[in-house]
Amino acid sequence: MLEMLEMLQMVSSVDFSALLRAFVYSRTLASSPQFKNCAVLGTIYGQDAIVSLEKTHFDLSPNGAGAGAGDGNSLDLSTLIDLNNISLIQNNDVYFWSLSLLNQSLTQTPSVKLNLIYPATSQHIKKFDAGDSIIITETPYYYSKYVKPYIETMKGDRIKWVHNILYNNAESDKVIIKKENDFVLLPDMKWDGKTLDNLYLILIPYNGKEISSIRDIKREKHLDWLISILNTIQKEIPIHYNHQINANQLRIFVHYQPSYYHFHIHITNLKNNGLGNQISIGKAILLQDIIENLQNNIDYSTRNITYFIPENHQLWSNTGFKQEYETQDNSND
């Protein structure tokens with residue numbers, strides 16, 4: 001399996017197309033009419049695979065595909081829409097509804113962002129699988145008994161891709177900032193890499209292996225480091241993108257529970273609301289709030305943390321956590 005994963009890291013675009021052609025659909029994991037995305041489960045050569053699709057953002061920037069000639073502030077609808085293919089649905093007074101086709105090109109106006117996870121693990125599938133979530137309050141007792149042992153099972157080869165970014169130059173052509181022995185900052189796979197309104201970056205620190213989650217963050221050891229990272233993010237990202245985005249337009253946060261247990265920081269444009277519950281209260285914790293809590297001597301290892309968790313999450317459903325939690329909850333009624 002490890003040899004297969006290493007081979008897949010060198011897959012060319014041609015090989016990628018071949019993998020997609022070999023995809024055999026099994027079922028739909030998720031589909032959102034609000035966010036215009038979906039994820040489907042299938043197999044490729046007999047192994048589970050997940051394909052996710054997200055409709056791309058309209059690029060109306062001065063240098064975008066819809067920019068007209070002249071001063072860069074005009075918009076030519078015919079470059080975006082096939083004006084010869086419009087079907088009127090209805091009109092009433094000043095309101096018109098219609099269907100149309102987009103003028104598309106892979107370089108200027110791609111229609112969809114396509115991601116593939118192959119081979120996909122059961123954990124990958126559960127992450128995408130639509131299902132109900134519940135709110136729980138994790139005490140230090142529950143963390144010690146159930147969460148921490150679970151975290152240890154989710155390391156090693158499961159986060160080998162993180163090790164490859166840090167030490168084997170994986171995705172090196174996409175790296176925005178690399179500070180040796182400190183962190184690597186690069187685009188998240190959810191971003192198309194060009195639409196700043198949907199900006200999504202990920203910061204992966206070298207010491208993240210010893211910090212599985214916010215539970216491991218300590219005031220005396222990590223406060224100054226987190227302040228330095230925050231300052232770097234707020235200074236360097238606007239510079240990198242020629243000040244088309246400002247520091248006060250960046251949402252900088254971590255997750256609890258995270259999707260993988262090597263500490264990392266998410267950075268998105270505030271305009272990027274197409275992230276569903278990934279930016280919701282009970283999941284996302286602003287880095288500024290973490291810093292302030294540390295400054296006020298709040299120790300994440302000893303406090304209760306309330307968050308939502310999918311009912312099919314392995315931590316909740318397969319470790320005994322659910323049974324003891326619900327038994328205790330019922331005894332308090």
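Restricting Gly131, Gly156 to residues that are in contact with a Pro (Cβ under 6 Å, 6 or more places away or on another chain) and surrounded by fewer than 17 Cβ atoms within 10 Å (Cβ to Cβ) narrows the list to Gly131. Screening Gln9, Gln104 for residues that are out of contact with any strand residue (DSSP E or B) (no Cβ under 9 Å at 6 or more places or on another chain), open to solvent by 100 Å² or more (accessible area, probe 1.4 Å), at pLDDT 80 or above and outside the structural domain of Asn242 (by the TED database) leaves exactly one candidate, Gln104.
Give, as residue ranges, the strands (runs of 3 or more DSSP E) completely inside region 167-226 that count at least 1 residues that are free of Cβ contacts under 8 Å to residues at least 24 places away in the same chain.
The qualifying strands (runs of 3 or more DSSP E) are 177-179, 183-187.
From the list Tyr167, Tyr150, Tyr200, the one residue that fits, being open to solvent by 20 Å² or more (accessible area, probe 1.4 Å) and at negative phi, is Tyr167.
Per-residue answers, yes or no, for (1) modelled with pLDDT under 85; (2) in a strand (DSSP E or B); (3) surrounded by 12 or more Cβ atoms within 10 Å (Cβ to Cβ); (4) hydrophobic (A, V, I, L, M, F, W, C):
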{"position": "Gly42", "(1), (2), (3), (4)": "no, yes, yes, no"}
{"position": "Ile50", "(1), (2), (3), (4)": "no, yes, yes, yes"}
{"position": "His57", "(1), (2), (3), (4)": "yes, no, yes, no"}
{"position": "Pro62", "(1), (2), (3), (4)": "yes, no, yes, no"}
{"position": "Gly72", "(1), (2), (3), (4)": "yes, no, no, no"}
{"position": "Ser87", "(1), (2), (3), (4)": "no, yes, no, no"}
{"position": "Phe96", "(1), (2), (3), (4)": "no, yes, no, yes"}
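Among the residues that make up region 16-32, is at least one of them over 29 Å from Gln314 (Cβ atoms), at pLDDT 85 or above and assigned to a strand (DSSP E or B)? No, the conditions are met nowhere in region 16-32.
All of Ile176, Ile151 fail the test of being in contact with a strand residue (DSSP E or B) (Cβ under 6 Å, 6 or more places away or on another chain) and not assigned by the TED database to the domain that holds Tyr25, apart from Ile176.
Looking at region 213-242, which of its residues are within 30 Å of Lys113 (Cα to Cα) and open to solvent by less than 40 Å² (accessible area, probe 1.4 Å)? Selection gives Ser213, Ile229, Leu230, Thr232, Ile233, Ile237, Pro238, Tyr241. Restricting region 284-304 to residues that are touching a helix residue (DSSP H, G or I) at 6+ places or on another chain (Cβ under 8 Å) and assigned to a loop (DSSP other than H, G, I, E, B) leaves a set whose member that is surrounded by the fewest Cβ atoms within 10 Å (Cβ to Cβ) is Asn297. Just so you know, in region 263-283 the residues that are open to solvent by less than 40 Å² (accessible area, probe 1.4 Å) and touching a Leu at 6+ places or on another chain (Cβ under 9 Å) include one that is nearest to Lys235 (Cα to Cα), and it is Ile267.
The values are calculated or read from the model by the stated rules, or taken from the named source; none is laboratory data. Quick caveat: nothing in here was measured; it's all calculated off a predicted structure. Here Cβ is always computed from backbone atoms with ideal geometry, including for glycine, and neighbour counts include all displayed protein chains. Only protein heavy atoms, including side chains, enter the accessible area calculation; ligands, DNA and RNA are left aside. Shrake-Rupley method; radii C 1.70, N 1.55, O 1.52, S 1.80 Å.
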